[in-house]
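Each value in this text was obtained by applying a stated rule to the coordinates, not by laboratory testing. Keep in mind that this is a model prediction, so the values were computed, not measured. Cβ sites come from the backbone with ideal geometry, for glycine too, and all protein chains shown count toward neighbours.
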Amino acid sequence: MLLGIDHIGLATDDPSALGPAMTTLDLSKLDNGIADGYRVACEFWQPAGGGGRPLIELVSPAGPGSALDGHFARFGPGLHHIAFEVDDLVPELNRLREAGFTPVDREPCTGARQGMLVAFLYLARPAGLLVELVQYS
């Protein structure tokens with residue numbers, strides 16, 4: 001079952017340059033990590049007061065062969081994905097596949113945060129939307 005929006009992912013090749021803008025928006029850095037399978041670095045920013053959702057995730061390449069390479073070539077920096085927290089990732093992944101979403105990941109992968117399992121799907125029409133499903137252990 002979908003539990004709500006976990007975070008909104010923004011693709012950038014310079015997350016340190018976005019830090020001042022995040023602070024100006026009353027966001028504070030909560031966490032960061034590397035999603036090795038995607039070769040991306042991730043910073044998670046939370047609304048003022050802490051504990052709020054959704055988080056804003058700054059996603060940047062963590063080296064050559066990053067999953068972001070194609071995104072930057074086609075679109076440049078900006079909105080990358082919307083992540084929904086789920087209680088059980090595999091059934092939700094299957095449900096969305098059956099509803100017409102195109103799987104990007106064949107199987108769930110380790111995310112950038114402790115205990116985070118993720119899988120991406122794409123809805124080409126009518127939105128051109130990349131969706132991430134997130135399950136925390």
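Here is the figure for segment 88-118: residues that are more than 22 Å from residue 33 (Cα to Cα) and either acidic (Asp, Glu) or within 16 Å of the chain's Cα centre (by Cα) (or both) total 5.
Residue count for segment 76-104 under the criterion of being closer than 23 Å to residue 13 by Cα and surrounded by 14 or more Cβ atoms within 10 Å (Cβ to Cβ): the result is 6.
Within segment 8-30, being of a type in the set (Val, Ile, Thr) and outside any helix (DSSP H, G or I) holds for 8, 12.
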